[in-house]
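Participant: Below is one structure. I have some questions about it.
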Amino acid sequence: MIDELQRDGELRMRKSVEALKEEFSRLRTGRAHVGLLEHITVEYYGSEVPISQTATIAVEDARTLLVTPWEKQMVPVVEKAIITSDLGLTPATAGTAIRVPLPPMTEERRKEMVKVVRGETEAGRVAIRNIRRDVLGDVKDLLKEKMITLDDEHKAHEEVQKITDNYISQMEALLAEKEKEIMDF
């Protein structure tokens, strides 16, 4: 019973780390990467779909993305979606290819991005601590119902804390890596 609770808690913590990685991939750093445009949606035959389902996205160089829509009539639609996105990018169209140059980030903007990254990481840490609290609450309930002993509860508490520390340290590593990526260049 306790093992099941721990596995469930660990699975939820793993999902929190994955969510943080996903959020980090959307944040703009000094380098061009295809994850920057993946959250943008375009209208394609009456439904909203991710840009990656209507075009090929490639990194042309360190500061330029190349977007190539699969159909010629999608070029202006994809271009408009990039312009109206929250990224503040201005694409340049040449025939069927759309080049998206990334302007260099100022030092001030880099510091703002580091603050955003730290805030996202703190939200992830809070999520993991909440999962720990939920699992330990369930273990306490088992103790109250006399389904486990006090020793079992103590062991479970230590095990859940180890799992929590592991996932928080993974988040810390992601934070350090992302901060380095933002401040480099």
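The values are calculated or read from the model by the stated rules, or taken from the named source; none is laboratory data. Just so it is clear, the structure is predicted and the values come from calculations on it, not from any experiment. Virtual Cβ from ideal backbone geometry, glycine too; neighbours counted across all protein chains shown.
Participant: For the range 69-92, state whether one or more residues are under 30 Å from Ile163 (Cα atoms), of a type outside the set (Val, Ile, Thr) and either surrounded by 12 or more Cβ atoms within 10 Å (Cβ to Cβ) or touching a residue at least 60 places away in the same chain (Cβ under 8 Å) (or both).
Facilitator: Checking the range 69-92: not a single residue is under 30 Å from Ile163 (Cα atoms), of a type outside the set (Val, Ile, Thr) and either surrounded by 12 or more Cβ atoms within 10 Å (Cβ to Cβ) or touching a residue at least 60 places away in the same chain (Cβ under 8 Å) (or both).
Participant: What's the total number of residues in the range 98-110 that are in contact (Cβ under 8 Å) with a residue 24 or more places away in the chain and assigned to a helix (DSSP H, G or I)?
Facilitator: Of the residues in the range 98-110, 1 are in contact (Cβ under 8 Å) with a residue 24 or more places away in the chain and assigned to a helix (DSSP H, G or I).
Participant: Please indicate, with yes or no, whether at least one residue in the range 89-97 is in contact with a strand residue (DSSP E or B) (Cβ under 9 Å, 6 or more places away or on another chain), assigned to a strand (DSSP E or B) and of a type in the set (Gly, Ala, Ser).
Facilitator: Step one: filter the range 89-97 for residues in contact with a strand residue (DSSP E or B) (Cβ under 9 Å, 6 or more places away or on another chain), giving 89-93, 96-97.
Filter once more, so that each one left must be assigned to a strand (DSSP E or B): 92-93, 97.
Still in the running and of a type in the set (Gly, Ala, Ser): 92, 97.
Yes, that holds for at least one residue.
Participant: Would you check if Thr96 is touching a Pro at 6+ places or on another chain (Cβ under 6 Å), hydroxyl-bearing (Ser, Thr, Tyr) and surrounded by 12 or more Cβ atoms within 10 Å (Cβ to Cβ)?
Facilitator: In short, no.
Participant: Something else: Do the conditions hold for Asp86, that is, is it not polar (S, T, N, Q) and not in a loop (DSSP other than H, G, I, E, B)?
Facilitator: Working: not polar (S, T, N, Q): yes; not in a loop (DSSP other than H, G, I, E, B): no.
The answer is no for Asp86.
Participant: OK, next. Restricting the search to the range 173-185, which residues are loosely packed, with under 13 Cβ neighbours inside 10 Å, of a type outside the set (A, V, I, L, M, F, W, C) and in a helix (DSSP H, G or I)? Walk me through it before giving the result.
Facilitator: First, the residues of the range 173-185 that are loosely packed, with under 13 Cβ neighbours inside 10 Å: 173, 176-177, 180, 184-185.
Now narrow it down to the ones that are of a type outside the set (A, V, I, L, M, F, W, C): 177, 180, 184.
Scanning the range 173-185 gives Glu177, Lys180.
Participant: Quick one: in the range 124-141, of everything that is of a type in the set (A, V, I, L, M, F, W, C) and touching a residue at least 12 places away in the same chain (Cβ under 8 Å), which residue is farthest from Glu158 (Cα to Cα)?
Facilitator: Ala127
Participant: For the range 153-185, how many residues are over 19 Å from the mean Cα position of the chain (by Cα) and either of a type in the set (A, V, I, L, M) or within 18 Å of Arg26 (Cβ to Cβ) (or both)?
Facilitator: 3
Participant: Check the range 37-45 and report whether any residue there is among the acidic types (Asp, Glu) and either in a helix (DSSP H, G or I) or at pLDDT below 85 (or both). Step through it out loud before you land on a result.
Facilitator: Let us first name the residues in the range 37-45 that are among the acidic types (Asp, Glu), namely 38, 43.
Then drop every residue that is not either in a helix (DSSP H, G or I) or at pLDDT below 85 (or both), which leaves 38.
Within the range 37-45 (the criterion being among the acidic types (Asp, Glu) and either in a helix (DSSP H, G or I) or at pLDDT below 85 (or both)), the answer is yes, since at least one residue qualifies.
Participant: For the range 142-154, name all the residues that are of a type outside the set (Val, Ile, Thr) and either in contact with a Gly (Cβ under 7 Å, 6 or more places away or on another chain) or without any contact (Cβ under 8 Å) to a residue 24 or more places away in the chain (or both).
Facilitator: Selection gives Leu143, Lys144, Glu145, Lys146, Leu150, Asp151, Glu153, His154.
Participant: Here is a list: Leu37, Leu65. Which entry is more than 30 Å from Asn130 (Cβ to Cβ), out of contact with any Phe, Trp or Tyr (no Cβ under 7 Å at 6 or more places or on another chain) and in contact (Cβ under 8 Å) with a residue 40 or more places away in the chain?
Facilitator: On inspection, the qualifying residue turns out to be Leu37.
Participant: Okay, next question. Given the conditions (1) in contact (Cβ under 8 Å) with a residue 40 or more places away in the chain; (2) over 30 Å from Val42 (Cβ atoms); (3) crowded, with 17+ Cβ neighbours inside 10 Å, and given that Met113 satisfies all but one, which numbered condition is not satisfied?
Facilitator: (2)
Participant: Please go through the range 148-169 and pick out each residue that is among the aliphatic types (A, V, I, L, M) and part of a helix (DSSP H, G or I). Full working, then the answer.
Facilitator: So the first thing to find is which residues in the range 148-169 are among the aliphatic types (A, V, I, L, M), and the list is 148, 150, 156, 160, 163, 168.
Within the range 148-169, Leu150, Ala156, Val160, Ile163, Ile168 meet the criteria.
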